[in-house]
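The values are calculated or read from the model by the stated rules, or taken from the named source; none is laboratory data. Everything quoted here is computed from the prediction, not taken from an experiment. Methodologically, a virtual Cβ is constructed for each residue, glycine included, from the backbone with ideal geometry; neighbour enumeration extends over all protein chains shown. With ligands, DNA and RNA removed, areas are computed over all heavy atoms of the protein, side chains included. Shrake-Rupley method; radii C 1.70, N 1.55, O 1.52, S 1.80 Å.
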Amino acid sequence: QVTCVEVVEAYVERIREVNPLINAVVKDRFEEALQEAQQVDKLLLEGPGDDYLEEKFPLLGVPITVKEAFSLYGMPNTSGLVNRRNVIATSDATVVSRLKQAGAIPLGVTNCSELCMWYESSNRVYGRTNNPYDLQRIVGGSSGGEGSVLAAACSVIGVGSDIGGSIRMPAFFNGVFGHKPTTGVVPNDGQFPNAHGVRTSFLCTGPMCRYAEDLEPVLRVMAGPGVNKLKLNEKVSLEKIKFHCMDHDGGSIFVSPVDKEILQAQKKVVEHLESDLGVQVQRVAIHKMKYSFQIWSAMMSSKDSEGQEAQRFTDLLGDHGKPVWPLWELMKWLVGMSSHTLPAIALGLTEKLVNLNLSGKAKLVSMGKSLQEEMEALLGPDGVLLYPSHPTIAPKHHSPICMPFNFAYTAIFNVLGLPVTQCPLGLGSEGLPLGIQLVAAAYNDHLTLAVARYLEKAFGGWVLPGKV
């Protein structure tokens, strides 16, 4: 009914309209995108038939955006690091290449936090990205530009990555869907920084989108041949899923208590599942979840099976130059002379502290391994856990520095290697998105995706900002 050129033009116009407010797209490729759209229209006109095209190009003509940390040919690839501001990608990251081969059309790259290691997307290269529901609120990180651009209806699909919640927090704060796949299925190649050593088991690349039904086709393309490890062709009977529910982490001293509105939204989900599907949602209290932040930190900085040390954040900040001295950077920051953000400097300082207590760290790593076994046993082949996405709704700008460990609610599932879908649940009393994490055992991504589609119908999914 509409041409691909018309679709791309509509999204380009929308970005031009709202990007001055949200600052999500940091570099566009509108001219190239329109040329690619013309090629698509030509192909459709002369093409060999819809069935063939649908099979060969499942995302033909679909406008997408890409987190700036991923290589997209001809686009910057700085990850918000000032001394990479002249780096331009000369190739495509594996997932970007797969999406393009499937027919998707990239519109540009979106903002992230400095080196993708903080949950506010702000840096000294591009500045700060704002939440479309309230410009005074954060978009989350590190895939925050993607969360914002999708929520503002400027793109159909987003490419995100997640080592501590970097897909799920932006998806939650911006009221869209995000999926962290089972570890090791979607390739992470072509992003900066990439994971090394033990962290290769924690970093995941995955899709973000406004509509739950889009997650699965995009995941199939991103995973390529690896998709065979997932059970996406299996039909899911929702009535046969064993649902479990946990309201909070058990009261960690490092993390804020969960907001009443988030608890209320989760309670409504439980009530709906029980009344509509006739299932019994089992309340669980997993004691070790209380130590989520400590377990994540210890496992992130542990050695891999070959004894290789995890890459130091201070080395990454230097990006192949001299490692950064966080204390010196802090002094410079206080007088406005540092090219780094305060969260990045703070992370460099805390990194040194983690390695001071080696025996305590070993205990936490072993606690993480036993929590993984406990979770896999609880969830089994047919279980889904309902768990808060974050203890608070989208905080105001800068406030994450006062509650730096709240990302533990998402981070714990990275070190456990479990698939998680973040699902929006409408807006709260302040007009900000609510949501929930859906967690399954490894390789059971099909269960969380099916529940997300079901909850979207029941609770309305994404809500256009400014509509209420």
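Checked against (1) outside any loop (DSSP other than H, G, I, E, B); (2) open to solvent by 30 Å² or more (accessible area, probe 1.4 Å); (3) farther than 23 Å from L425 by Cα, E271 passes all but condition (3). Residues that are among the polar types (S, T, N, Q) and open to solvent by 20 Å² or more (accessible area, probe 1.4 Å) within segment 197-206 comprise T200, S201, listed in sequence order. Looking only at segment 415-423, decide whether some residue is open to solvent by 10 Å² or more (accessible area, probe 1.4 Å) and not in a loop (DSSP other than H, G, I, E, B). No, segment 415-423 has no match at all.
Residues being closer than 18 Å to N188 by Cα, surrounded by 22 or more Cβ atoms within 10 Å (Cβ to Cβ) and aliphatic (A, V, I, L, M) are entirely absent from segment 19-38.
Scanning segment 85-115 for residues that are open to solvent by 20 Å² or more (accessible area, probe 1.4 Å) and outside any strand (DSSP E or B) yields R85, N86, V87, T90, S91, D92, T94, S97, R98, K100, Q101.
Residues that are charged (D, E, K, R) and open to solvent by 10 Å² or more (accessible area, probe 1.4 Å) occur at least once in segment 389-398. Of all residues in segment 67-84, those satisfying the criterion of being buried (at least 20 other Cβ atoms within 10 Å of the Cβ), more than 16 Å from T205 (Cα to Cα) and hydrophobic (A, V, I, L, M, F, W, C) are M75, L81. Scanning segment 164-194 for residues that are of a type in the set (A, V, I, L, M, F, W, C) and either surrounded by fewer than 24 Cβ atoms within 10 Å (Cβ to Cβ) or in contact with a Cys (Cβ under 7 Å, 6 or more places away or on another chain) (or both) gives V176, F177, V185, V186, F192.
Scanning segment 214-249 for residues that are under 20 Å from the mean Cα position of the chain (by Cα), more than 19 Å from L438 (Cα to Cα) and without any contact (Cβ under 8 Å) to a residue 60 or more places away in the chain returns A223, G226, V227.
Selection within segment 399-414: residues that are aromatic (F, W, Y) and at pLDDT below 95. The member of this set that is least open to solvent (accessible area, probe 1.4 Å) is F407. Only residues that are at pLDDT 95 or above and assigned to a loop (DSSP other than H, G, I, E, B) were counted across segment 122-164, and they come to 17.
Would you confirm whether any residue within segment 292-306 is basic (K, R), at pLDDT 65 or above and surrounded by 13 or more Cβ atoms within 10 Å (Cβ to Cβ)? No, because not a single residue in segment 292-306 is basic (K, R), at pLDDT 65 or above and surrounded by 13 or more Cβ atoms within 10 Å (Cβ to Cβ). The set of residues in segment 365-388 that are surrounded by fewer than 20 Cβ atoms within 10 Å (Cβ to Cβ) and touching a residue at least 60 places away in the same chain (Cβ under 8 Å) comprises V365, M367, S370, E374, E376, L378, G380, P381, D382.
Applying the criterion of being within 18 Å of the chain's Cα centre (by Cα) and more than 24 Å from A408 (Cα to Cα) to the residues of segment 123-149, the residue that is surrounded by the most Cβ atoms within 10 Å (Cβ to Cβ) is V149.
The C-beta contact set for segment 267-284 (first residue on the phi > 0 side of the Ramachandran plot, second residue open to solvent by 60 Å² or more (accessible area, probe 1.4 Å) and in a helix (DSSP H, G or I), distance under 9 angstrom, 6+ apart or interchain) comprises G278/E239. Checking each residue in segment 424-462 for being hydroxyl-bearing (S, T, Y) and either open to solvent by less than 10 Å² (accessible area, probe 1.4 Å) or more than 21 Å from G140 (Cβ to Cβ) (or both) picks out Y443, T448, Y454. For segment 250-266, a tally of residues being in contact (Cβ under 8 Å) with a residue 24 or more places away in the chain, β-branched (V, I, T) and assigned to a loop (DSSP other than H, G, I, E, B) returns 2. In segment 207-240, the qualifying residues are those that are touching a Leu at 6+ places or on another chain (Cβ under 6 Å) and over 22 Å from T183 (Cβ atoms), and the one that is surrounded by the fewest Cβ atoms within 10 Å (Cβ to Cβ) is E239. Scanning segment 373-403 for residues that are outside any helix (DSSP H, G or I) and either in contact with a His (Cβ under 6 Å, 6 or more places away or on another chain) or more than 18 Å from P433 (Cα to Cα) (or both) turns up G383, V384, L385, H398, M403.
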